[in-house]
Structures are given as C-alpha cells and as structure tokens.
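For reference, the structure discussed in these notes is given below.
The values are calculated or read from the model by the stated rules, or taken from the named source; none is laboratory data. Given the structure is predicted, the values throughout are model-derived calculations rather than measurements. All Cβ positions, even for glycine, are placed from backbone atoms using ideal geometry, and neighbour counts span all protein chains on display.
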C-alpha cells in the first residue's frame, strides 16, 4: 500500500486580514463619545436626562436636526455647504401651517377655504424643493460658490417667511390631523395618548436615514456623489454629469429641510417665521462630528445620525443644567472646530 504525501508548500497561502484596532476606534469613536456624554449627563442631572419621557422628547426634537443632517451629508460629501436649510425650514413651515389651519378662525390665512392636510404638507415640501433646486441651479449652472449661493438663499427664504406672515404672527389653530404628524405615534395609546410607541417624527427620521443609506451605498447616484467629492476632475472625465447630480443633491437638501419644517410646525402646533434659526449650525455640527469630511468624498449617514443624537443630548443636558443658551452656541462652535481639526489630522496622516 503506497503512502500518499501532500506538499503543503505548493498550496496557495491565504493572507489573513488583521483586525485594525486603530481604524476601528477612529471609525466608531463617535459612538463611544455619545455613550460617555449620556453617562456623564445622567450623573450631573441625577438621572433626569435619562428619564424615559425626557429621552422621547430629545429624540423627537433631534429628528429635525437629523433629517436636515441627512441632506447636508450629501452636500458636504460633494465639497459643498448649505447655509439656507434653517430659512427653508421656516418658510416651508409657515406655508404648510397656513394651509393646515382650521377654517373659521379669526386669524386664518385663507378664510373660507378648507385645504386637505396632504395638500398643506405637499405645499411645504414643494417650497423646499423649489428653494433647493434654485440653490442647485446657481451652483451648477451659474458657477456660484455653494457658500455664496446658499447664503443668499438663507436671506431670501427668511425674508419671504416674514413677508408671508404679514406682521410676523404665527399661524396657529392647526388641524389635529396635521398636528399628529409631529405629536402622534405610529402605535397610539388610546387610554394615554402621550404614551404611544414610536413617535412619528422619529419614524420618519429613521425612514429618511435608511433610504439615504441605501442611495449612498448601493446606487449609481451614491457612487457619483462620492466621486464628485473625491475628485471632481476625474468624475467629469469619467462621464458623470456633475451639474445634474449637484442640482439633485441641493434639491434633496431643500426637501428634507422642508420636511423638518412641516414636522416642527406640527409638533408645536403653529408655524412661525422664526422657526429654524440657527439649526443649520446644529445640522453641520452633526454631519462633521459624525465623520463626514469637509475635504469631500467621505461620509456615512449612520455617523450623521449618531452626531445628531450627540448634539441633541448636549442641548438637552445643558438645558437641564440651566446653562445659558448663548453659552450653548459657543459650545457647539467649539465642537465644530475640534471636529474639523481631527478631520484635518486624519487627512494629513493619509497623505
């Protein structure tokens, strides 16, 4: 009986990929920071910050920042910026609220007109789409810098919101069906309405985040978005229609800002021309802290979601600690600077 031998030296060697703890730490550091902030605030506020009701309110409030942040992620990945989202939110909110008022009140914008709720919502989203589309045209066709184009739109949209409201008064007395978009739950509790499951703004935020994740990760449009931010010259040479993609991206940003405005108006039960002031700072902070690079071509939606939760946690914690709202603005500005410094250091190491 002959002995069978095997020459192991002739077999192909499969290289095992080592676990890079440094890369893992850099990628998911934001999650650890969020956990640390939640734990620290729970101690400082004697557990008030992690009270279930408070957590639900925080996540509900974060939804507006997160939804805008999703659109901002697309924008910043392509080396852009959208400073107009807060003003678009305010304009869309007052338009939608004015159409969602209960007929017959003394302060109704359109007396004698009973507009269906879906028409009011659609009108608000259409306003955001038009503003975002205009931003895209100015940037893609007229070659304006994103900072300049959206800065101009920020002023225009806010001014139009003031003009639309006349004397600046809020549009109140909104239909219950409209308010339910911001105050309701996916699974309502008939006995205790405020204790339902899954607030609708949170559900919509999650849906927007999942759709955006799919688009960025599994579609040509997502690949084009990363390509434009990574190397615009190479993207143009490869046949990507950069103006078209840019216009779509800024339109998406406008629509999501409008959606946040509709939900915000529904949550507080009124549409005010001052809504959304400063929220662009929160959205940009959430995106940058979440790992999207100002250098372009890098960014993940999940990072923006965690970044929005972090900003919401910080805002809520500082409120519970009775910290001045003006100091809160300083804190968020410092967070942006620190995040950009970290981003710059990461990019310099890669180079």
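Every condition in (1) farther than 19 Å from residue 182 by Cβ; (2) part of a loop (DSSP other than H, G, I, E, B) holds for residue 129 except the one numbered (2).
Put simply, of 329, 288, 338 the only residue that is more than 28 Å from residue 242 (Cα to Cα), assigned to a helix (DSSP H, G or I) and under 19 Å from the mean Cα position of the chain (by Cα) is 329. The conditions of being part of a helix (DSSP H, G or I), under 27 Å from residue 313 (Cβ atoms), touching a strand residue (DSSP E or B) at 6+ places or on another chain (Cβ under 6 Å) and touching a residue at least 60 places away in the same chain (Cβ under 8 Å) are met by residue 265.
Exactly one residue out of 253, 270, 324, 238 is surrounded by fewer than 24 Cβ atoms within 10 Å (Cβ to Cβ) and touching a residue at least 60 places away in the same chain (Cβ under 8 Å): that is 270. Quick check: anything in the stretch 193-204 in contact with a helix residue (DSSP H, G or I) (Cβ under 7 Å, 6 or more places away or on another chain) and not in a helix (DSSP H, G or I)? Yes. Comparison of 116, 52 shows that the only residue that is surrounded by fewer than 18 Cβ atoms within 10 Å (Cβ to Cβ), at pLDDT 95 or above and out of contact with any strand residue (DSSP E or B) (no Cβ under 7 Å at 6 or more places or on another chain) is 116. Within the stretch 158-175, the only residue that satisfies the criterion of being without any contact (Cβ under 8 Å) to a residue 24 or more places away in the chain and surrounded by 13 or more Cβ atoms within 10 Å (Cβ to Cβ) is 159.
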